[in-house]
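What follows is a single structure, written as structure tokens, with notes after it.
The values are calculated or read from the model by the stated rules, or taken from the named source; none is laboratory data. Because the structure is a prediction, the values reported are computed rather than measured. Because the Cβ atoms are built from the backbone with ideal geometry, glycine has one as well, and the counts that use them run over all protein chains shown. Remember, those area values only see protein heavy atoms, side chains included, never the ligands or the DNA or RNA. Shrake-Rupley method; radii C 1.70, N 1.55, O 1.52, S 1.80 Å.
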Amino acid sequence: MNVQFPSSVGIGKPFVLRVTSSEPLTGVEVVWQGSVVQLGVSVWNDRYIALGLLGTHVGKAKTGDHRLTLRLLAGGKRSEHPFSIKITPVQYKEDRLTLPEGMVTPPPSALKRIEAERKLTGAALATMTAERRWGLPIVRPVPGIVTSPYGRRRILNGKPRSPHGGVDFRAATGTPVLSALSGYVVLTGDHYYAGKSVYIDSGGGVIAHYFHMDTADVKQGDFVKAGQVVGKSGVTGRATGPHLHFGLALSGQMVDPEPLFSATVAQMLEKTALRKIIPKWK
Ligand SMILES: [Zn+2]
């Protein structure tokens with residue numbers, strides 16, 4: 001039985017964890033950044049395999065050594081294994097934007113709505129289903145170039161804001177938006193900041209979202225395959241021009257999705273050590 005994951009990862013960057021076992025496993029849990037991540041187990045070549053996609057939010061996590069605890073589950077018993085990952089600094093750029101004051105500081109009349117939407121989107125991002133529906137590489141949602149990458153610190157009208165939690169793609173209004181990963185739609189809405197938006201759960205705490213769309217063409221409960229159209233891009237919500245904001249939350253941590261547009265699981269696990277696990281079932 002072994003586990004693979006990188007020993008160090010840049011802050012904000014996603015990483016893959018793989019557990020491989022010749023003994024039966026019914027589930028795997030990973031305790032990471034204060035969340036319990038549930039990973040489904042699949043059987044392949046007589047081996048039990050669990051894959052996790054994890055990361056840190058550049059605006060919330062700290063660099064340095066972080067504890068990662070692996071819990072193996074089998075027939076009502078569990079075996080717990082602590083590990084450590086080093087989160088290393090990454091230089092993200094800075095954006096200075098000037099927006100209508102009403103969009104930077106919302107009017108008091110909008111605060112109730114914003115708070116209600118924050119609860120809804122917070123619950124959607126915290127969705128945890130074990131069955132893995134994601135695969136790598138993920139699909140690029142629109143063909144346009146990246147106009148604002150993940151992690152850019154935004155100075156809005158001279159006031160520093162939290163770093164950009166997703167990737168902005170150039171996309172003319174009406175451009176079909178493709179789902180980057182397979183999964184179930186857990187939330188759609190027309191929100192104050194995000195405009196018309198769609199949230200999709202791909203299992204193992206992997207939730208993708210698509211903002212500022214002109215139309216959302218899926219509804220809550222729908223299953224979408226990677227590459228399927230979920231809506232048309234637009235300029236709804238807090239947006240200065242037509243574009244698609246694509247965000248990827250990994251167990252609640254907004255990460256940089258860009259490395260995942262080209263990397264396979266094998267490439268994400270390149271140069272990672274195989275760490276042997278000797279379970280102590282309790
Ligand atoms: Zn954005």
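Report, by residue number, each residue of segment 210-249 that is touching a helix residue (DSSP H, G or I) at 6+ places or on another chain (Cβ under 8 Å), within 13 Å of the ligand (Cβ to nearest atom) and in a strand (DSSP E or B). Don't jump to the end; show me each part of the working.
The first filter runs over segment 210-249 and keeps only residues touching a helix residue (DSSP H, G or I) at 6+ places or on another chain (Cβ under 8 Å), leaving 238, 248-249.
Filter once more, so that each one left must be within 13 Å of the ligand (Cβ to nearest atom): 238, 248.
Leu248 - this is the single residue of segment 210-249 that is touching a helix residue (DSSP H, G or I) at 6+ places or on another chain (Cβ under 8 Å), within 13 Å of the ligand (Cβ to nearest atom) and in a strand (DSSP E or B).
Buried (at least 19 other Cβ atoms within 10 Å of the Cβ) and either assigned by TED's automatic domain parsing to the domain that holds Leu70 or more than 20 Å from the chain's Cα centre (by Cα) (or both): is that true of Thr236 in this structure?
Working: buried (at least 19 other Cβ atoms within 10 Å of the Cβ): yes; either assigned by TED's automatic domain parsing to the domain that holds Leu70 or more than 20 Å from the chain's Cα centre (by Cα) (or both): yes.
Spelling it out, Thr236 is indeed buried (at least 19 other Cβ atoms within 10 Å of the Cβ) and either assigned by TED's automatic domain parsing to the domain that holds Leu70 or more than 20 Å from the chain's Cα centre (by Cα) (or both).
In the list Glu258, Glu270, which residue meets the criterion of being within 26 Å of Ser42 (Cβ to Cβ) and among the acidic types (Asp, Glu)?
On the way: Glu258 fails: within 26 Å of Ser42 (Cβ to Cβ).
Checking each option against the conditions leaves just Glu270.
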* **Where His164 falls short, out of the listed (1) assigned to a helix (DSSP H, G or I); (2) crowded, with 18+ Cβ neighbours inside 10 Å** => (1)
* Asked: On the given criteria, is Ser197 within 15 Å of the ligand (Cβ to nearest atom) and either crowded, with 19+ Cβ neighbours inside 10 Å or under 14 Å from the mean Cα position of the chain (by Cα) (or both)?
  -> yes
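Only one of these is more than 16 Å from the ligand (Cβ to nearest atom) and surrounded by 13 or more Cβ atoms within 10 Å (Cβ to Cβ): Pro257, Pro279. Name it.
On the way: Pro257 fails: more than 16 Å from the ligand (Cβ to nearest atom).
Just a single option satisfies the conditions, and that option is Pro279.
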* Tell me which residues, restricted to segment 167-187, are buried (at least 24 other Cβ atoms within 10 Å of the Cβ), farther than 22 Å from Arg152 by Cα and small (Gly, Ala, Ser). => Ser179, Gly183
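Results for (1) on the phi > 0 side of the Ramachandran plot; (2) within 14 Å of the chain's Cα centre (by Cα), shown as yes or no for each residue.
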| position | (1), (2) |
| --- | --- |
| Arg113 | no, no |
| Gly135 | no, yes |
| Arg154 | no, no |
| Asn157 | yes, no |
* Somewhere in segment 158-169, is a residue more than 14 Å from the ligand (Cβ to nearest atom) and aromatic (Phe, Trp, Tyr)? -> no
* Asked: Of all residues in segment 119-157, which are more than 18 Å from Tyr210 (Cβ to Cβ) and without any contact (Cβ under 8 Å) to a residue 24 or more places away in the chain?
  -> Lys119
* Check whether at least one residue in segment 261-268 is touching a residue at least 12 places away in the same chain (Cβ under 8 Å), more than 25 Å from Thr127 (Cα to Cα), open to solvent by 30 Å² or more (accessible area, probe 1.4 Å) and within 16 Å of the ligand (Cβ to nearest atom), and report yes or no. => no
